[in-house]
Amino acid sequence: MKKLNKLILVALLQSLVLVGCGDDVGHDDHDHDDHEGHDHDPNEVMTTLKLTFTANSDGSSFVASWADPENDGSPVIDDITLTNGETYTVTFGVLNELEDPAEDITPEITDEKDEHQVFFTGSAVEGPAHTSNPDAVVEHVYEDSDNNGFPIGLTNSFLATVNGTGVLSVLLRHMPPVNGEAVKTGTLAQVMDSGSATDLPGSTDINVDFNVTVE
């Protein structure tokens with residue numbers, strides 16, 4: 001009988017351990033390419049990306065959004081229409097609309113600017129992360145930098161160069177230190193240009209596409 005009681009006790013303890021080791025909830029469901037040794041600095045949940053375009057000529061502006069507020073994989077995506085020859089200041093912002101009210105994640109990215117960078121690629125754009133693109137209809141230039149002088153991509157300049165259409169891909173990469181050492185450098189746009197996101201340190205916070213027309 002004592003042996004039976006001991007077996008029951010062991011079984012109960014094992015079941016409690018299994019319950020305590022369940023998966024975490026509330027993680028970001030976007031793609032991650034985590035590298036080994038990252039210091040603990042989890043990705044935020046981001047359901048909405050907003051690009052605000054302000055024309056330098058007259059100050060008029062509009063917002064282009066990629067929004068999946070239910071985080072169910074069915075986003076609503078605005079098309080972007082630009083005027084040929086116009087230069088736009090473009091700011092980047094992200095929200096978590098699973099929260100009520102919606103949580104603006106952009107200030108956290110600003111606070112952690114030494115760990116983040118936005119990359120603009122796709123058939124529509126030529127710039128630091130996508131050079132030598134003969135089909136580009138816009139040119140991208142970074143207009144901000146972090147504490148080390150490396151680009152961030154929260155503020156940018158876009159010049160509409162030729163009539164046409166294309167796809168603008170927007171990638172936000174989160175690159176916390178690894179074993180206490182910073183991994184973000186000033187040459188990551190070139191890494192992206194010659195490879196892909198998997199060649200970058202860190203993990204992807206959000207990666208979305210917009211259709212662009214210049215007319």
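The values are calculated or read from the model by the stated rules, or taken from the named source; none is laboratory data. In this text, all values refer to a predicted model and were calculated from it rather than measured experimentally. Positions of Cβ are generated from backbone atoms using ideal geometry, with glycine treated the same way; all protein chains shown enter the neighbour counts. What goes into the accessible areas is simple: the full protein's heavy atoms, side chains included, and nothing from ligands, DNA or RNA. Shrake-Rupley method; radii C 1.70, N 1.55, O 1.52, S 1.80 Å.
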Quick one: putting +1 on the C-beta of Lys and Arg, -1 on the C-beta of Asp and Glu, what dipole do you get for the stretch 60-215 around its Cα centre, in Debye to the nearest 20? 620
Heavy-atom accessible area order for Phe53, Phe62, largest first, 1.4 Å probe: Phe62, Phe53
Using a 1.4 angstrom probe, figure out how much accessible area the stretch 122-198 has per residue, in square angstrom, rounded to the nearest whole. 42
For the stretch 92-209, what does the alpha-carbon gyration tensor say about shape, rounded, prolate or oblate, given a ≥ b ≥ c as the root eigenvalues, a/c under 1.5 as rounded, and a/b over b/c as prolate? oblate
Extension reserve of the Thr110-Thr161 stretch, reckoned as 0.36 nm per residue once the Cα distance is removed: 15.4 nm
Please get the size of the charge dipole for the stretch 53-99, origin at its Cα centre, with Cβ charges of +1 on Lys and Arg and -1 on Asp and Glu, quoted in debye to the nearest 20. 260
Residue separation times 0.36 nm, minus the C-alpha to C-alpha distance between Ser60 and Val191: what's the value? 43.7 nm
